[in-house]
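The values are calculated or read from the model by the stated rules, or taken from the named source; none is laboratory data. Since the model is a prediction, treat every value here as computed from it, not as a measurement. Positions of Cβ are backbone-derived with ideal geometry, glycine not excepted, and every protein chain shown enters the neighbour counts.
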Protein chains: 4
Amino acid sequence: MEPWRTAISTSDEKSIFIRGFDVTSLMLQATFADTIYLLHQGRLPTPDERRLVDAILIGVSDHGPAAPSAAAARIVASGNRQSLEAAIAAGVLAIGDAHGGAGYECMQMIGAGLETARRENLSLEEAASRIAASAKAEKKRLPGMGHRVHTEDPRTRILFNLARDSGLAGNGIAFMKALEEAARRLIRPLPVNVDGALAAVLYDLGFHPAAAKLIFIIGRVAGLTAQVMEEYAREKPMRVRIPVAYDGPPPHPNK
Amino acid sequence: MEPWRTAISTSDEKSIFIRGFDVTSLMLQATFADTIYLLHQGRLPTPDERRLVDAILIGVSDHGPAAPSAAAARIVASGNRQSLEAAIAAGVLAIGDAHGGAGYECMQMIGAGLETARRENLSLEEAASRIAASAKAEKKRLPGMGHRVHTEDPRTRILFNLARDSGLAGNGIAFMKALEEAARRLIRPLPVNVDGALAAVLYDLGFHPAAAKLIFIIGRVAGLTAQVMEEYAREKPMRVRIPVAYDGPPPHPNK
Amino acid sequence: MEPWRTAISTSDEKSIFIRGFDVTSLMLQATFADTIYLLHQGRLPTPDERRLVDAILIGVSDHGPAAPSAAAARIVASGNRQSLEAAIAAGVLAIGDAHGGAGYECMQMIGAGLETARRENLSLEEAASRIAASAKAEKKRLPGMGHRVHTEDPRTRILFNLARDSGLAGNGIAFMKALEEAARRLIRPLPVNVDGALAAVLYDLGFHPAAAKLIFIIGRVAGLTAQVMEEYAREKPMRVRIPVAYDGPPPHPNK
Amino acid sequence: MEPWRTAISTSDEKSIFIRGFDVTSLMLQATFADTIYLLHQGRLPTPDERRLVDAILIGVSDHGPAAPSAAAARIVASGNRQSLEAAIAAGVLAIGDAHGGAGYECMQMIGAGLETARRENLSLEEAASRIAASAKAEKKRLPGMGHRVHTEDPRTRILFNLARDSGLAGNGIAFMKALEEAARRLIRPLPVNVDGALAAVLYDLGFHPAAAKLIFIIGRVAGLTAQVMEEYAREKPMRVRIPVAYDGPPPHPNK
């Protein structure tokens, strides 16, 4: 079998190196957010970059037991009391297009919008208007915009301010702000939600679009561990009683 | 349906609070390791406690593509190119008793050993010797000790030194050192591995035994995201060719 | 890398063989239940054995959307609309000790009970009484007995009757009936539930205890596919609204 | 909370009904393949329909330990010896676009091709040629065609013959045959593989495109249970040694 290639880490009997850095040095001097940045970017972040990564991870870490990821983790923990990893994995599996995963699509949209602007010599505002108009015409959702609970997501403001104050805000954030303005004008007020803010900031930090989902997963797994721990500690197995309304074919006693 | 109880986080239209702390304040001032500690302990850590949590998370974050968690994630990514979350979840599922999960059992062993010592008025050394002798007699592995690659796990030394230097080392670490000594005497040299070190430190920090597995999962998920990203970026779908030797019943052409 | 050994199946460019049987022959002449039996037992079942395997698989195939496995699958589908396999996998992960997995433990208990009876020359009734008494003393649940909904599980009667009528009922079923009687006398009426019936029948068919969980999983995956399909077809993403009661530390506006 | 609607099954204290059929009657008279058909179609199959469903499930049930689904399940079992469901779930997660999931896309392609033919009044051959030409121009793979091992998938022939002999072959199979012919002419010989055959047959049986993946999952889970059982029985934990070639940044001793 061909060896599996990797440029991420290597180890021998005595040492482990991540992207060339000795793990023991990282353990002494770096933070977990540094290491996440290092794993994905191949270098350690500056303090301002680290702050943004920490802020993103904290911002998405938990949103209560009713978020699909936490609810799935808890229901698995309710039926399966012997496998913490099964519950956490089920929570991760709920992170998809409709929950936590919109950042991926949003970051691809940002990239495509900026590419269009450059190629056709448009302003960001024009490129954003085009995308908003097209979403309206096709009755499609704009990824990273709107939220079922928050009218204005408090985490978006923090992320955008942190990026601005540190000089790290770039075209990603500018594009999302332009899109928010275009949506307000052409569709309806659709504030940038945390998925959109995360996508914009990670774009400006030079991450790959897939990182928008992956970084969300890292952050949310922290919350899932607390949710599962609480389920084990406070609740009995099989405690969930979901009300069900059957509207299928009537039972046939003779079938 | 009864509401689901939680003491972890709450949110309204404008704010999200984790253990009573406004998420936006945390995003501005705390680190991700702080938030993980907060989620599990209900308060923010001291700088020394934060350093230990960061060191643990970094220490277990990645161990190359051949670790079962990374290998499972990559093989899933190899067959399934449309679901990053499926690959990460598969990686999490490999974290069990034999890989990454030994810390859970180790922390329970530490708790039981210290309880025995207190109840029967034994020294830590005596309690540890008893456990080592019993493992030898029953031919059972001591959880958190020995490693298939490292003769001395470099991460153990760092964690124990950090704990000692900050005055946070307690009975958990003392017990594991006593057990290492007892194993050397009664069985064979079995250095405390990173699972054992993590368990000892988390015990001294007051975490629940289940946290030994859960904190490992949080740390390793960071590495898994990089492994999956690399699999998508560098490798073709279905690229893995595992050699197989069939030794079952011979094919029956007429069956 | 060492080749992976297997005695299950082999294939070349032209053919696939399962336990020595040409897959194309099986496709023409066998049933899926035959193939499941073949995969686990290495030979095709008799018609009576096949009927029991079919009956077990059908009996556990679905129990509505509120069972933890179905609920987890649906919640994952609610947040993740792009990965059918993620939803099915989450449903599988909920199959644990408290839901669907009791058959495993039950089959181990049957084996241990019968071993004790043989070794100590006890009747099945005596061995069963001992286990019931010990469960009562230790306040432990008897695996495979009792149900949160059904006072008498209709599937148990069918499985036991099918086994009796075909002459396949053996010590496994006899033991579970003796245990039911002992529980009624020593604890309270605890009818054998479908997990217990499945364990008893699979024991008498010569399956490994782990098969009690694995066969349950195969059967339930059928129902999960219908549950997930219905979730996609009838429900919007993110439709689940779980009521939450927060009872944690009060929000600190200045934190 | 709103009750969860379902038309699949209902139960009370005494009975369980699947699509209106009493589970105990099904257990006595139906097969597992019948029940799978019933769950998805709302009625029991005819004998010919049942044969096709059985043939599909058997055909995809196992393909050795090196298939990504089996390899992922085994690697998880290698690291995690306490959770059979974790291993099976990991196997399910590997069933994606590149492995086992092509049937979904293929069935959508069949539907789109037949729709084009009807709308533009084309023959099946013309519609298929158009799709083959477009795949060639865009350098895209045709889903359900070609195989990395089999030059001619033996399972395809069986499925198509069974469908033809029972009069159940319809436009789905006709379209895939036309596409095979078009690919031979315009691209290169690309025989219909088992995913494509399964998609064509399920199309002709009136299943939803998503069923192509879901039915594959049901079938393959049977094989995964045997693979995981064999891993537990024959192999030690952590036995997999994957060779790794590191080609990342050189270790920095002083970092």
task = Look through the range A:1-53, keep the residues that are within 25 Å of A:Lys213 (Cα to Cα) and of a type in the set (Asp, Glu), and return whichever of them is farthest from the chain's Cα centre (by Cα).
result = A:Asp48
request  = Name every residue in the range D:208-242 that is surrounded by 24 or more Cβ atoms within 10 Å (Cβ to Cβ) and away from chain B (no Cβ under 14 Å), in order of residue number.
outcome  = D:Ala211, D:Ala212, D:Leu214, D:Ile215, D:Ile218, D:Gly219, D:Val221, D:Ala222, D:Thr225
remark   = Those residues of the range D:132-156 which are within 22 Å of the chain's Cα centre (by Cα), more than 8 Å from chain C (Cβ to nearest Cβ) and not aliphatic (A, V, I, L, M) amount to D:Lys140, D:Arg141, D:Pro143, D:Gly144, D:Gly146, D:His147, D:Arg148, D:Asp153, D:Thr156
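Is it the case that the range A:230-243 has a residue that's within 30 Å of A:Leu124 (Cα to Cα), in contact with a helix residue (DSSP H, G or I) (Cβ under 8 Å, 6 or more places away or on another chain) and among the acidic types (Asp, Glu)?
If we filter the range A:230-243 for residues that are within 30 Å of A:Leu124 (Cα to Cα), which is where we start, we get none.
The answer is no; no qualifying residue exists.
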remark   = When A:Gly103 is run through (1) touching a residue at least 40 places away in the same chain (Cβ under 8 Å); (2) more than 13 Å from the chain's Cα centre (by Cα), the failure sits at (2)
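Out of the residues in the range C:225-255 that are in contact with an Asp or Glu (Cβ under 8 Å, 6 or more places away or on another chain) and in contact (Cβ under 8 Å) with a residue 60 or more places away in the chain, state the one that is nearest to C:Val76 (Cα to Cα).
To start, the set of residues in the range C:225-255 that are in contact with an Asp or Glu (Cβ under 8 Å, 6 or more places away or on another chain) comprises C:226-227, C:237, C:241, C:243, C:251-253, C:255.
With the extra rule that they be in contact (Cβ under 8 Å) with a residue 60 or more places away in the chain, the set shrinks to C:226-227, C:237.
Working: C:Ala226: 14, C:Gln227: 12, C:Pro237: 10 Å.
Applying the filter and picking the extreme gives C:Pro237.
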query = Going by the structure shown, is B:Ala66 crowded, with 22+ Cβ neighbours inside 10 Å and of a type outside the set (Ser, Thr, Tyr)?
reply = no
ask   = Considering the range B:1-33 alone, what residues qualify as being in a loop (DSSP other than H, G, I, E, B), over 15 Å from A:Ile58 (Cα atoms) and not acidic (Asp, Glu)?
value = B:Met1, B:Pro3, B:Ala7, B:Lys14
request  = Consider only pairs whose beta carbons are under 6 Å apart and that are at least six residues apart or on different chains; among these, list those whose first residue lies in the range B:175-203 and is under 24 Å from B:Gly59 (Cα atoms) and whose second residue is among the polar types (S, T, N, Q) and at pLDDT 95 or above.
outcome  = B:Val192/B:Thr156; B:Ala197/B:Thr156
remark   = By residue number, the members of the range B:195-217 that are within 14 Å of B:Ala163 (Cα to Cα) and hydrophobic (A, V, I, L, M, F, W, C) are B:Ala197, B:Leu198, B:Ala199, B:Ala200, B:Val201, B:Leu202, B:Leu205
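Residue by residue through the range B:22-38, note down the ones that are of a type in the set (Ser, Thr, Tyr) and either within 8 Å of chain A (Cβ to nearest Cβ) or touching a helix residue (DSSP H, G or I) at 6+ places or on another chain (Cβ under 7 Å) (or both).
First, pick out the residues of the range B:22-38 that are of a type in the set (Ser, Thr, Tyr): B:24-25, B:31, B:35, B:37.
Result: B:Thr24, B:Thr31, B:Thr35, B:Tyr37.
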ask   = Does at least one position in the range C:40-55 carry a residue that is of a type in the set (D, E, K, R), facing chain A (nearest Cβ under 9 Å) and surrounded by fewer than 24 Cβ atoms within 10 Å (Cβ to Cβ)?
value = no
ask   = Are any residues in the range B:56-98 facing chain D (nearest Cβ under 9 Å) and of a type in the set (Ser, Thr, Tyr), and if so, which ones?
value = B:Ser69, B:Ser78, B:Ser83
task = Kindly provide the set of residues from the range D:157-192 that are within 14 Å of chain C (Cβ to nearest Cβ), assigned to a loop (DSSP other than H, G, I, E, B) and buried (at least 18 other Cβ atoms within 10 Å of the Cβ), ordered by number.
result = D:Pro191
query = If you take the residues of the range D:137-157 that are more than 14 Å from D:Glu105 (Cα to Cα) and either among the polar types (S, T, N, Q) or touching a Cys at 6+ places or on another chain (Cβ under 9 Å) (or both), which of them is modelled with the highest pLDDT?
reply = D:Thr156
request  = Might you check whether a residue that is surrounded by fewer than 24 Cβ atoms within 10 Å (Cβ to Cβ), among the charged types (D, E, K, R) and closer than 16 Å to C:Ala226 by Cα occurs anywhere in the range D:6-29?
outcome  = no
query = Can you find even one residue in the range B:102-111 that is in contact with a strand residue (DSSP E or B) (Cβ under 9 Å, 6 or more places away or on another chain) and at pLDDT 95 or above?
reply = yes
